[in-house]
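The values are calculated or read from the model by the stated rules, or taken from the named source; none is laboratory data. Remember, predicted model here, so these are calculated numbers, not experimental data. In this analysis, Cβ positions are derived from the backbone assuming ideal geometry, glycine residues included, and neighbour counts consider all displayed protein chains. For the accessible areas, the whole protein counts, side chains as well, though only heavy atoms, and no ligand, DNA or RNA atoms are used. Shrake-Rupley method; radii C 1.70, N 1.55, O 1.52, S 1.80 Å.
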Amino acid sequence: ASDVYKRQVKHRPAWLMQQLSLDVVRKRAEVMELENYRFYKQAAERTSDEDVRKLLLDLAEEEKGHESLAAKLTEKHLDADTKLDEADAEKQLFLLQVVQPGLLGLMDGSVSTLAPLFAAAFATHDTWQTFLVGTAASIGAGISMGFAEALSDDGELTGRGHPWIRGSAAGIMTAIGGLGHTLPYLINDFWTATILSIIIVFIELWVISWIRCKYMDTPFLRAAFQIAVGGFIVFLAGILIGSA
């Protein structure tokens, strides 16, 4: 019976799945109860032993009762205020687990890679060598940021969510932030690649400012000014070092 149950009722462990909302968890629990109920009913129809059949039917009724109880509890306790609280909690988790580490990564990748990229560009005037330096800096920073975010906090005490989701968000966005203004150096002409790279830097800074304004309630002009100042300082440092 155990082997038959495993074949007919299959569920992935919750910890191997992505972050689940409360509504998804409720629906998942309802489906599990229904599948268990059907299994016990079908098993009861196939057995010839009366005692076993009675046991299986009793188990089926218990599963049906669980589903009914869950529905009653939902109607009783899940009022409008509770739904709003749950929505706020899910939004907060999304901010802490995805937006904040992703934004941190995008800022780091977009700003920190400016210095090595433009230092290499103005030191060599070789677009391919500049591309290699920018790619290495971007991917290296992405790996470093991803592991740093994932290993710095397991989320148990702070409630910031699954560490590897945060680490992935930070690492991927860091790499994207650096690669954005690195890709133009695939163009052979140095000044064309450099001007296009600078334009992309401004676009990246605008995107960062927009994200901070939308999700972090930071006024757009203030966010743009703050990130522009930091980006300009790093950009200038790269040019000065490369031109020395």
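Things to note:
- Pairs where the first residue, in the stretch 216-234, is farther than 17 Å from Thr113 by Cβ and buried (at least 17 other Cβ atoms within 10 Å of the Cβ) and the second is of a type in the set (S, T, N, Q) and modelled with pLDDT of 80 or more, C-beta under 6 Å, 6+ apart: Ala223/Ser209; Ala224/Ser209
- Any hit, the stretch 145-163, residues being more than 18 Å from Arg212 (Cα to Cα), of a type in the set (A, V, I, L, M), in contact (Cβ under 8 Å) with a residue 24 or more places away in the chain and open to solvent by 10 Å² or more (accessible area, probe 1.4 Å): yes
- Flag if Ser138 is closer than 24 Å to Phe232 by Cβ and either out of contact with any Pro (no Cβ under 6 Å at 6 or more places or on another chain) or not in a loop (DSSP other than H, G, I, E, B) (or both): yes
- Comparison of Ile200, Ile195, Ile211 shows that the only residue that is without any contact (Cβ under 8 Å) to a residue 12 or more places away in the chain and either out of contact with any Lys or Arg (no Cβ under 6 Å at 6 or more places or on another chain) or under 27 Å from Ile143 (Cβ atoms) (or both) is Ile195.
- Of the numbered criteria (1) touching a Leu at 6+ places or on another chain (Cβ under 9 Å); (2) at pLDDT 85 or above; (3) of a type in the set (D, E, K, R), the one Asp126 fails is (1).
- Hey, Ala148 under 20 Å from Gly105 (Cα atoms) and touching a Pro at 6+ places or on another chain (Cβ under 8 Å) or not: no
- Test: residue in the stretch 185-206 that is among the hydroxyl-bearing types (Ser, Thr, Tyr), at pLDDT below 85 and surrounded by 15 or more Cβ atoms within 10 Å (Cβ to Cβ): no
- Candidate set from the stretch 21-65 (those that are open to solvent by 80 Å² or more (accessible area, probe 1.4 Å) and within 35 Å of the chain's Cα centre (by Cα)); member that is modelled with the lowest pLDDT: Asp23
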